[in-house]
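Student: Below is a structure I'd like to ask you about.
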Amino acid sequence: RGLLLPPSSSGGAHSARVEEREPTASMDGQDWNQVVLTKKRPTGGMNGVPKSADAARRMGMSVQTVKKQGAGYNAQKMGKLENETEELSHKKVGGEVKKAIMQGRLAKKMTQAQVAQMINEKPQIIQEYESGKAIPNQQILAKLERILGVKLRGLK
């Protein structure tokens, strides 16, 4: 068996032949015994006592549980929360603001999508402002004022 190399660039048209040889190292010193790797099984707890009440029940042991009410439980605060009747909600865009946005947009003959693109927001944001569902954001209102040329901050 031989390997034929391309001619060298030194101008010689001779081809060189390189001989390949089998490795002479022997495999006599190899350990060919089978090795088995296993995961260590979790122990239930110390001295065969299960860590959880469910595990103890499965093993047939009798289990007693005690309900703790000290950590983080305050009956007065809980009573106040349960008796709370006030409806809480976020402030929404007022009627004057949504009308001003819509009139300014229509005066410039722009669609909601065009306005949204000019202020780098999603069209859904403009739709929410015009329908009165949006929570007022002063940065967005400032952008709308600049693009539409109407005053929005300070309106109800």
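The values are calculated or read from the model by the stated rules, or taken from the named source; none is laboratory data. The model shown is predicted, which means the values in this text are computed figures rather than measured ones. Here Cβ is always computed from backbone atoms with ideal geometry, including for glycine, and neighbour counts include all displayed protein chains. The protein model used for the area step is the full one, side chains on, heavy atoms only, and it has no ligands, DNA or RNA in it. Shrake-Rupley method; radii C 1.70, N 1.55, O 1.52, S 1.80 Å.
Student: With the requirement that a residue be open to solvent by less than 20 Å² (accessible area, probe 1.4 Å) and either aliphatic (A, V, I, L, M) or touching an Asp or Glu at 6+ places or on another chain (Cβ under 9 Å) (or both), what does region 130-151 give you?
Tutor: A134, I140, L141, L144, L148
Student: Do any residues in region 86-110 that are within 17 Å of P136 (Cα to Cα) have Cβ atoms under 6 Å from those of residues that are open to solvent by 80 Å² or more (accessible area, probe 1.4 Å) and of a type outside the set (G, A, S), where the two are at least six apart or on different chains, and which pairs are they?
Tutor: Close Cβ pairs (under 6 Å, with a partner that is open to solvent by 80 Å² or more (accessible area, probe 1.4 Å) and of a type outside the set (G, A, S)) amount to H90/I135; G94/K156; E96/K156.
Student: Please find, within region 80-92, the residue that is least open to solvent (accessible area, probe 1.4 Å) out of those that are part of a helix (DSSP H, G or I) and not hydrophobic (A, V, I, L, M, F, W, C).
Tutor: By that ranking, first place goes to N83.
Student: What residue, among those in region 29-51 that are modelled with pLDDT of 80 or more and of a type outside the set (D, E, K, R), is most open to solvent (accessible area, probe 1.4 Å)?
Tutor: W32
Student: Of all the residues that make up region 93-129, how many are part of a loop (DSSP other than H, G, I, E, B) and open to solvent by 100 Å² or more (accessible area, probe 1.4 Å)?
Tutor: 4
Student: In addition: Going by the conditions given, is K99 within 30 Å of V150 (Cβ to Cβ) and modelled with pLDDT of 80 or more?
Tutor: yes
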